[in-house]
1. Where Rh is the Kirkwood radius over the Cα pairs of segment A:99-250, the temperature 4 °C and the viscosity 1.567 mPa s, what D in µm²/s does Stokes-Einstein return?
2. Take the Cα atoms of segment B:175-232, build their convex hull, and give its volume per residue in Å³.
3. For segment A:434-485, what is the convex hull (Cα atoms) projected area averaged across all directions, in square nanometres?
4. In µm²/s, what is D for segment A:298-397 at 10 °C and 1.306 mPa s, where D = kT/(6 pi eta Rh) by Stokes-Einstein and Rh is the Kirkwood radius from Cα pairs?
5. For segment B:33-49, which residues drop by 10 square angstrom or more in accessible area between the chain on its own and all protein chains together (1.4 Å probe)?
6. Amide H of residue A:309 versus every other amide H placed in the peptide plane: which residues, excluding those fewer than 5 positions away on the same chain, fall under 5 Å?
7. In whole angstrom, and with the biggest value first, how far do the Cα coordinates of segment A:355-422 range along each principal axis?
8. With no solvent and one equal point scatterer placed on each C-alpha of segment B:175-300, evaluate the Debye formula and give log10 I(q)/I(0) for q = 0.10, 0.15, 0.22 Å⁻¹, two decimals.
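The values are calculated or read from the model by the stated rules, or taken from the named source; none is laboratory data. Predicted model only: the values in this text are computed from it and were never measured. Using ideal geometry, Cβ is built from the backbone for each residue, glycine included, and neighbour counts are taken over all protein chains shown. Ligands, DNA and RNA are excluded from the accessible area calculation, which covers all protein heavy atoms including side chains. Shrake-Rupley method; radii C 1.70, N 1.55, O 1.52, S 1.80 Å.
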Amino acid sequence: MKKTHKIDFSSDWNLAPAPESTTHFKLKDTYDLFINGKFVAPKSGKYFDTINPANEKVLAKVAEANEADIDSAVKAARKAYDTVWSKLSGKERGKYIYRIARIIQERAREFAVVETLNGGKAIRESRDVDVPLAAAHFFYYAGWADKLEYAFPNRKPKALGVAGQIIPWNFPLLMAAWKIAPALAAGNTVVIKSSETTPLTAYLLAEVIQEAGLPAGVVNIVSGAGLTGSFIVNHPDVDKIAFTGSTAVGKIIMKAIAGTPKKSTMELGGKAANIIFEDAALDQAVEGIVNGIFFNQGHVCCAGSRLYVQESVFDVVVQKLKDRMNSLNVGDPLDKNTDIGAINSKKQLETIAKYIEIGKNEGAEMYQPSCDLPSKGFWCRPTIFTKVSQSNRIAQEEIFGPVLAIQTFRTVDEVIEKANNTPYGLSAGVWTDKGSKIFNMTSQMRAGVVWANTFNKFDPASPFGGYKESGFGREGGVHGLEAYLKFE
Amino acid sequence: MKQIDFSNSPRIDQVGIEDRIARITARSIKKESKMQGLLMALNMIDLTTLEGADTEEKVKQLCFKAHHLHDDIPGLPTTAAVCVYPNFVKLAVNELKGTGVKVAAVATAFPSGQSSAEIKLLDTKMAVDNGADEVDMVISRGKFHSGDYNFVFDEIAMIKEACGKNVRLKVILETGEIGTLDKVRQASDIAMYAGADFIKTSTGKIKPAATLPVTLVMLEAIRDYYYKTGIMIGMKPAGGISTSKLALQYLLMVKETLGGKWLTNEYFRFGASSLANDVLLQIAKQQSGIYQSNDYFSKV
């Protein structure tokens, strides 16, 4: 490559801290299980600490549900289904769901701050993405509640009954919305378990559900780790399991429910290919690379973690990407100017660090911008690897962190083969100025979502879900309703 | 240098540009970074009057304001330059002697550029001979639209030659007449390779004038040119920037696109007439804690 001139990003003019205020609400010391419309102490008698990953301080104690707790949650859900929820008209169900959406909007700031405190994600994202999208999901599915017959004409849609739902730690509120909204719209009742590292916004949602006056037992919210989840999965009176999480756990769940009448949808891991052609708008593609891999610290199942750059523009794309990485602010998640917040947990940081070591040992070339990291909490600088091979582990395995593996390609056929050469198939991105190339690519990519000239855009009307080991079933859109219905 | 094919400039994705702008405008610029930014912005203003009704008195007043922005507040910088029509250059040079404030003149049949090469040259010479430090020229948008990129290139090169080494040339693309961001990028490339020292969005006579998306496209063009040549080209958004908040967003965009070296009036300017007073109002507010009436700040 010809010599290029480097840009110096140091400056005397720097942004002063702009922390979002945390004085407009107060967290409780203890959060109990939300079962049958009330907050109840766990029969397990156990509570665990939930922390702020940005400073490792304890935020609250949260109840851990055992088998007996799950049993009472499922019983409450069953009773609510049999006696109230299945008897209500779609229009009445819709009213409750609308109410939930509106109250989330009213309490948006509180939700955003708590999501950031508990999960470590930048307030910019929880404020502009997580919370508005969560409300949008409730609004969207509220609209479907009385139109199921029109969504599935002549198929006589009926609710399944009690849905058991297990959600991950990367988008706690948003994933709860993705799960609860379509389930309620379709006429089911719900037992949902939040992740053990990020349980708080689910309990704020429980308060919202109380405030919305939902009949007792229609939504039950519990917390705990994998064991608690297994009690939901194995409970005989649960009709459907909806899981979002790792492929490894998805496989365990599928084994557990094999031979039972339980229906299931699985939204699992991913290792998305993000493909940049030489004729793309390169500066905007670089922005897409950044959104693809550094959004939510890379804790995104559809993250664009494998980058394929056409060889003729490889040098310039990498240079622009490095320059862009130098203007990303890493640090206090509550600061409105923070782009990359804290890694969600110590365990996850260890996983990411392990993969960064693997990448170095595999001979890939690492780049991280120089930026100061806070002394407490869990942090990882945005990281890219060049000189990566398709057979490298960092190019094959899901890292779930801000780590990008970059390869080059020459032809369309080559990049399609490489992009599809993965056990996953959740999402992909294509960047080119040529429309016909986009359609050619998207029809050949084996991925549930393919973004063209953008990345990580979500809308409640758009279905989301995977191919291959990224799972099955779709969330969002009419497709998302279908996963909570049976047809005669 | 090998011939550059300007019909093949890099493509721009408008949606992507708007996404990037949304990230920038969501930034929070407060407290000391706001104050520092405001002072920087003042020092980057080309205080401008380009009206048919301009008089010698008005130009004099403007020149005085350029180095006495608001004497109530000590320690304020001067503006970067005063921008006038060529016939006022001599007067402005006189008024601004020893102040450090530069004199910029619009030329080349500003604002439409509809004239002959001879007249554009004479216009430029008049400004230069009268002592202008900077010349703001307009490109021939008609020729640009008709695809005659060589004409546009040659014309810019000719005016740069007339300016000589010591007079800096700002090339106005008039982005409001250019239409798409792809075309803005293309015109930026032509101007830089033809010898522009600055590229500038607008005359201020056409709406829309400067916008954040258009300016970002031009900053990225400047960055690509720098990668290749190591030459720092300046940027001047002009027209439509009248609030401090917007000015700070421009500065942040420069910082995040080109780095701190561009954050001086050597390489970044605001073409504006009313921005200065809004910045002064904000500075006074930062100091006293209360907003004052507009009437406490001189209009010219």
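1. 82
2. Spelled out: Cα convex hull of segment B:175-232, divided by residues, is 74 Å³.
3. Spelled out: convex hull of the Cα atoms, projected over all directions, averaged, 4.2 nm².
4. 107
5. B:33, B:36, B:40
6. Hits under the 5 Å cutoff: A:276, A:407, A:408, A:409.
7. Principal extents (largest minus smallest coordinate, Cα): 47, 20, 20 Å.
8. The Debye formula, applied to the Cα set alone, gives -0.35, -0.71, -1.26.
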